[in-house]
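**Student:** So that we are looking at the same thing, I have put the structure below in structure tokens.
The values are calculated or read from the model by the stated rules, or taken from the named source; none is laboratory data. Since the model is a prediction, treat every value here as computed from it, not as a measurement. Ideal geometry is used to build each Cβ from the backbone, glycine not excepted, and the neighbour counts take in all protein chains shown. Remember, those area values only see protein heavy atoms, side chains included, never the ligands or the DNA or RNA. Shrake-Rupley method; radii C 1.70, N 1.55, O 1.52, S 1.80 Å.
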Amino acid sequence: MQELKQVHAFLIKTAQNHEPVVATELLRHSATSDFRDIDYALLLFDEMPEPDCFAWNTLIRALAETHDRPLHALLFFCNMVSDGMVEPNRFTFPSVLKACSVLTRLEEGKQVHGLVVKFGFSGDEFVVSNLLRMYVMREEGIVVLCNVMVDGYVRVGNLTAARELFDKMHKRSVVSWNAMISGYAQNGYFLEAIELFHRMQMEDLLPNRVTLVSVLPAISRLGAIELGKWVHLYAERNKIKIDDALGSALVDMYAKCGSIGKAVQVFESLPKSNVITWNAILGGLAMHGKAKDVFDFFVRMERSGISPSDVTYIAILSACSHAGLVDKGRSYFNRMVNVGFVPRIEHYGCMVDLLGRAGYLEEAKELILNMPIKSDDVIWKALLGACKLHKNVEIGRRAAEVLMQLAPHDSGAYVAISNIYASSGDWDAVAEVRLMMKDLDIRKDPGCSWIEIDGVIHEFLVEDDSHPSAKEIHSMLEEISNKLNFEGYRPDTTQVLLKMDETHKESVLHYHSEKIAVAFGLISTTPKTPLQIVKNLRICEDCHSSMKLISKIYNRKITIRDRKRFHHFEHGSCSCMDYW
């Protein structure tokens, strides 16, 4: 150490002691060598005009590793953060967390954990390992540790490991419940998210605002309106503040569960100070095909001083697409570009859907080929769907070829091009596509529909006879069929794009999942009770025609949310005006 001090004295005499590299090396040797002198290192640090992150880290580490100085390490770290001149990096936090562990300061450790998240190091293995060591020092810390690990598994998509750890926890906080519910909802396990939400309440743990925001997307996707209403009522009764995040989630839930009127009502009760809230109602109105209302609300939004975001224009373009407003859609797209937004793939997707459904297939194709960003499978699916609608084999084949390259194991492209070939009577081409699917072990996604009765969600697949009420459902389906025939309905067997006899085709149409769900709804509710159904695929033309007649025959309002939009069937007509 004496030699280092002599070198320091020489550097002072020659005016080299403030050179950044020289000063840093002096500090490193005085703080980390076998003959370290922490007090001398602190003096050297004070002489540095602008110490960098390495200098701060060097001293924090030295203080944390010196038996009587861990508290100084924490104080030094606080000075670093409050000074604001230098941000901590991934090498800062392990030493600070070690100091917390030595001092058994769990509360300070939690605050440091918050900074780890803030500065973006929650996924750093080196930092996380030190977090785990810090948390296991006390029983309370073990609970926090498990919460951290559950959240970590969820963040990387390993829900199986997250659930195994969650189930083994002897004591679960609301944080761990929220992490699991949110993880299930965000990864498409909607029934599991709702099941866990119910279980949480059975264990007498009160949901908080984060819980409600986490579970509402799962409720929305399944159309579980009664459970959604319960969540809304729970928030009001427990005086949970319905801020922009929770309010937007409620608006989205009511809209996606078919109650657009209630969505508007909730929206009007909110402060409406955030563009996210406006986007929620605009998206909901667009999904219900209420284009005029979307345009009116957009004008209100701008007059209230809220600037639109790029998501706002996705809702507007979607509304134009559902209503077939091609010129208006082009106008809004150009306006978006003119005000400075760079179109995202979602905006181009809306335009392709708008043009394609309206029959402008060549223009839609050219838009994809000429857009300045790389196309994805979703945008080509939009074009392929339009080709199926308009029976355009040539462009459809091109779209399918691209899709098979982008997503070779996605059944959508194979099924769509097979259906296009079938509708044109090219059964050899259909057989070729089906053989390709068999060789690649690609299977078509089955049609699936959900209906909520008395708070319980019932799921039905095509030709499903697994439900406990299967016998009664079958009888109701027969009754529906007889009444439809009496009204002059004839099954549209062109929708069954398989080579089979007409009788078999009629049978296949008879047992589509949404028809089974409607039959169950009719036997499970009192007359005139509205029925709400969610379907994972686009509703076919035969089911669409059937639902219009069923709504008239049974005097029921039937709402079906398919993959694209809402259909409100009432008095023999549909809100989409047969354009979907």
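**Student:** Please go through the range 88-113 and pick out each residue that is assigned to a helix (DSSP H, G or I), more than 33 Å from the chain's Cα centre (by Cα) and among the β-branched types (Val, Ile, Thr).
**Tutor:** The answer is VAL96, VAL102.
**Student:** Under 40 Å from the mean Cα position of the chain (by Cα) and at positive phi: does that describe GLY84? Walk me through it before giving the result.
**Tutor:** Working: under 40 Å from the mean Cα position of the chain (by Cα): yes; at positive phi: yes.
Yes: the conditions hold for GLY84.
**Student:** Determine the pairs where a residue that is hydroxyl-bearing (Ser, Thr, Tyr), located within the range 399-414, has a partner that is modelled with pLDDT of 90 or more and open to solvent by 20 Å² or more (accessible area, probe 1.4 Å) with Cβ atoms under 7 Å apart, the partner being 6 or more residues away or on another chain.
**Tutor:** none
**Student:** How many residues, within the range 208-223, are without any contact (Cβ under 8 Å) to a residue 60 or more places away in the chain and open to solvent by 10 Å² or more (accessible area, probe 1.4 Å)? Explain how you work it out, then say what you get.
**Tutor:** As a first pass, look at the range 208-223 and keep what is without any contact (Cβ under 8 Å) to a residue 60 or more places away in the chain: 208-220.
Among the residues that remain, those that are also open to solvent by 10 Å² or more (accessible area, probe 1.4 Å) are: 208-210, 213-214, 217.
Counting residues in the range 208-223 that are without any contact (Cβ under 8 Å) to a residue 60 or more places away in the chain and open to solvent by 10 Å² or more (accessible area, probe 1.4 Å) gives 6.
So that you can scan it fast, the table gives a plain yes or no per residue for (1) free of Cβ contacts under 8 Å to residues at least 24 places away in the same chain; (2) over 29 Å from ARG561 (Cα atoms); (3) out of contact with any His (no Cβ under 8 Å at 6 or more places or on another chain):
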{"position": "SER173", "(1), (2), (3)": "no, yes, yes"}
{"position": "ASN178", "(1), (2), (3)": "no, no, yes"}
{"position": "GLN186", "(1), (2), (3)": "no, no, yes"}
{"position": "ILE225", "(1), (2), (3)": "no, no, yes"}
{"position": "LYS229", "(1), (2), (3)": "yes, no, yes"}
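**Student:** Looking only at the range 283-295, count every residue that is assigned to a loop (DSSP other than H, G, I, E, B) and open to solvent by 10 Å² or more (accessible area, probe 1.4 Å) and tell me the total.
**Tutor:** Residues of the range 283-295 assigned to a loop (DSSP other than H, G, I, E, B): 288-290.
Okay, now just the ones that are also open to solvent by 10 Å² or more (accessible area, probe 1.4 Å), so 289-290.
Of the residues in that region, 2 qualify.
**Student:** Still on this structure, I have one more. Can you run down the residue pairs with Cβ atoms below 9 Å, 6 or more apart or on separate chains, where the first is in the range 149-161 and within 12 Å of TYR184 (Cα to Cα) and at pLDDT 75 or above and the partner is open to solvent by less than 50 Å² (accessible area, probe 1.4 Å) and in a helix (DSSP H, G or I)?
**Tutor:** ASN158/GLY152; LEU159/MET180; LEU159/GLY183; LEU159/TYR184
**Student:** Something else: Could you list all residues from the range 524-559 that are among the hydrophobic types (A, V, I, L, M, F, W, C) and either in a helix (DSSP H, G or I) or in contact (Cβ under 8 Å) with a residue 60 or more places away in the chain (or both)? If you could, list the steps in order and put the result at the bottom.
**Tutor:** Narrowing the range 524-559 to residues among the hydrophobic types (A, V, I, L, M, F, W, C): 531, 533-534, 537, 539-540, 543, 547, 549-550, 553, 558.
The answer is LEU531, ILE533, VAL534, LEU537, CYS543, MET547, LEU549, ILE550, ILE553.
Listed here are the residues, each with its yes/no results for (1) closer than 22 Å to ALA235 by Cα; (2) out of contact with any helix residue (DSSP H, G or I) (no Cβ under 7 Å at 6 or more places or on another chain); (3) at pLDDT 90 or above; (4) surrounded by 21 or more Cβ atoms within 10 Å (Cβ to Cβ).
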position: ASP167; (1), (2), (3), (4): no, yes, no, no
position: VAL175; (1), (2), (3), (4): yes, no, no, no
position: GLY183; (1), (2), (3), (4): yes, no, no, yes
position: ASN187; (1), (2), (3), (4): no, no, no, no
position: ILE194; (1), (2), (3), (4): yes, no, yes, yes
position: LEU205; (1), (2), (3), (4): yes, no, no, no
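**Student:** Looking only at the range 269-282, count how many residues are modelled with pLDDT under 95 and open to solvent by 20 Å² or more (accessible area, probe 1.4 Å).
**Tutor:** Total meeting the criteria: 7.
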